[in-house]
Amino acid sequence: MSGRKDLARRTLIEAPADLLLDRLAAELERLYQVTGVELFQVDYRLAVLLPFTGGDPITKPGHPAWRCFDHQEPIVADGTGWFPVGMRGERRGVLRVSQVPDDPTVVGELDAIATALGHELAAVTASTDVYVTARRDRRLTLAAEMQWELLPGRSRMRPSFSLAGQLEPAYAVRGDGFDWSDDGRRLWLSTINGSGEGVAASMLTSLATHALRNARRAQLGLADQAALADQAIYALHRGAQHLSALLLSLDLASGLLTAVDAGSPRLVLLRDGEVSEQVLEKQFPLGMFEGTDYREQQFQLRRGDRLFVVSDGVVDATGQQVRYGETALDRFLRRTGPMEPLDAVRSLLGDLRAFVAGDLVDDAVVVCLDWLGPQP
């Protein structure tokens, strides 16, 4: 391991939470004689790269910064280097460094340092608002603030799977959400198609998410997780409020998928270039009735399968009095085959925004899961 990389990483570890970029820029100038160090974070809509210290955002798709973000590899153009910033599949943005020498060793070391910056950003986010604030190009609604705080991230990657999710309208989402966790043996994924308006909708989704987490962390099975969340919501609202959810559990050794459909969003399978809706046993939404018993279904995934979970806000989106619909959705999903999951959800929601010519009126959530096969 390079001594310079070690020094830069130590600088990041020892820096105050709000001064990561300042201390790193000074250290990179000392170690590598480079200048112009800037962090560009991707915004909540995955549409803009926003500079941390101020300046012009980057929106042009063909820009080297976006090529770096999209392909997750260093890009050096005209002496300026762009390096992906993230951790474990979670993309946070890119690091710009000027006067990068034409030296593969230096480029590789700066790439590793940018990854270390991603880890440190994740570590300090709970203790400072400076990076979260710099990620938004407009104010979030209170409901949206609550929803984004619930999320585990927007993408996740392991040798056996790759996963991503996104919410729209990103700055005003109310009740849709998703959650996931993996322990090396199993991946747990829940997608919620919320109901209601404003803060009330986000509070209902928050209750359901925390109830599902509580049951999952008690190591309950999928059906029991649904039952516990159902009871928690019913106990508070007595059936006056409820929400739809799809709960999934993936065995990482075999690819066996277990599902509980609680009035769920749509589950779509992309296999060998063909799109088909996965037929689920429709059961009552969470909180609709007291003491609902939920049943599990199981499906065997094949290596290379891709699953999409989409809420009704996607299919029912309307532009010029025309509904987006299942046909347009299936056609677009088929085109996402070569894309990484985060690029697939980003492209789908971008197509949806173009279809409605602006922000979505209703909430929409899209989650994409690739099963890459069991790994030793």
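For residues that are closer than 18 Å to HIS210 by Cα and touching a Lys or Arg at 6+ places or on another chain (Cβ under 9 Å), scanning just the range 155-180, find the one that is surrounded by the fewest Cβ atoms within 10 Å (Cβ to Cβ).
TRP180
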ask   = In the range 104-136, which residue that is charged (D, E, K, R) and out of contact with any strand residue (DSSP E or B) (no Cβ under 6 Å at 6 or more places or on another chain) is nearest to GLY194 (Cα to Cα)?
value = ARG136
query = How about the range 61-94: which of its residues are among the basic types (Lys, Arg) and surrounded by fewer than 19 Cβ atoms within 10 Å (Cβ to Cβ)?
reply = ARG67, ARG88
query = For GLU340, are the conditions met, namely being exposed (fewer than 13 other Cβ atoms within 10 Å of the Cβ), of a type outside the set (Gly, Ala, Ser) and touching a residue at least 12 places away in the same chain (Cβ under 8 Å)?
reply = no
task = Evaluate the following for VAL309: is it surrounded by 18 or more Cβ atoms within 10 Å (Cβ to Cβ), outside any helix (DSSP H, G or I), at pLDDT 90 or above and of a type in the set (Val, Ile, Thr)?
result = yes
Of all residues in the range 187-239 being at pLDDT below 95 and polar (S, T, N, Q), the one that is farthest from the chain's Cα centre (by Cα) = SER195
The range 1-45, residues that are assigned to a strand (DSSP E or B) and out of contact with any helix residue (DSSP H, G or I) (no Cβ under 8 Å at 6 or more places or on another chain) = GLY36
task = Can you run down the residue pairs with Cβ atoms below 8 Å, 6 or more apart or on separate chains, where the first is in the range 140-154 and closer than 11 Å to VAL173 by Cβ and the partner is of a type in the set (Asp, Glu) and crowded, with 16+ Cβ neighbours inside 10 Å?
result = GLN147/ASP176; LEU150/ASP179; LEU151/ASP179
ask   = Could you say which residue among VAL124, VAL97, VAL107 is crowded, with 20+ Cβ neighbours inside 10 Å and either closer than 28 Å to GLY153 by Cα or free of Cβ contacts under 8 Å to residues at least 40 places away in the same chain (or both)?
value = VAL97
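ALA232: in a helix (DSSP H, G or I), in contact with a strand residue (DSSP E or B) (Cβ under 9 Å, 6 or more places away or on another chain) and in the same structural domain as VAL315 (by TED's automatic domain parsing), yes or no?
yes
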ask   = Is one or more of the residues making up the range 228-241 β-branched (Val, Ile, Thr) and within 29 Å of ASP305 (Cβ to Cβ)?
value = no
Tally, over the range 204-222, of residues that are assigned to a loop (DSSP other than H, G, I, E, B) and in contact (Cβ under 8 Å) with a residue 40 or more places away in the chain = 1
query = Do we find a residue being under 20 Å from TRP188 (Cβ atoms) and in contact (Cβ under 8 Å) with a residue 60 or more places away in the chain anywhere in the range 310-327?
reply = yes
task = Inspect the range 286-295 for any residue being more than 22 Å from PRO169 (Cα to Cα) and of a type in the set (Lys, Arg) and give the result as yes or no.
result = yes
query = Which members of the range 251-297 meet the condition of being touching a residue at least 24 places away in the same chain (Cβ under 8 Å) and among the β-branched types (Val, Ile, Thr)?
reply = THR258, VAL260, VAL268, VAL275, THR292
note = Restricting attention to the range 46-57, the residues that are touching a Pro at 6+ places or on another chain (Cβ under 8 Å) and either assigned to a strand (DSSP E or B) or crowded, with 19+ Cβ neighbours inside 10 Å (or both) number exactly 3
remark   = For strands (runs of 3 or more DSSP E) lying entirely in the range 108-203, having 3 or more residues that are within 19 Å of ARG346 (Cβ to Cβ) and not polar (S, T, N, Q) picks out 161-168, 177-182
ask   = Which one of these is part of a loop (DSSP other than H, G, I, E, B), at pLDDT 95 or above, of a type in the set (Val, Ile, Thr) and touching a strand residue (DSSP E or B) at 6+ places or on another chain (Cβ under 6 Å): VAL94, VAL100?
value = VAL100
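If I go through the range 244-285 residue by residue, how many of them are small (Gly, Ala, Ser), touching a helix residue (DSSP H, G or I) at 6+ places or on another chain (Cβ under 9 Å) and not in a strand (DSSP E or B)? Before the answer, list the steps.
Applying the first criterion (small (Gly, Ala, Ser)) to the range 244-285 yields 244-245, 249, 253-255, 259, 262-264, 273, 276.
Those still in the list that are touching a helix residue (DSSP H, G or I) at 6+ places or on another chain (Cβ under 9 Å) too: 244-245, 249, 259, 262, 273, 276.
If we keep only those that are not in a strand (DSSP E or B) too, we end up with 273.
Here the count works out to 1.
The values are calculated or read from the model by the stated rules, or taken from the named source; none is laboratory data. Note that the coordinates shown come from a computational prediction; the quantities given were computed from them, not determined experimentally. Every residue, glycine among them, receives a Cβ derived from its backbone with ideal geometry; neighbour counts consider all protein chains shown.
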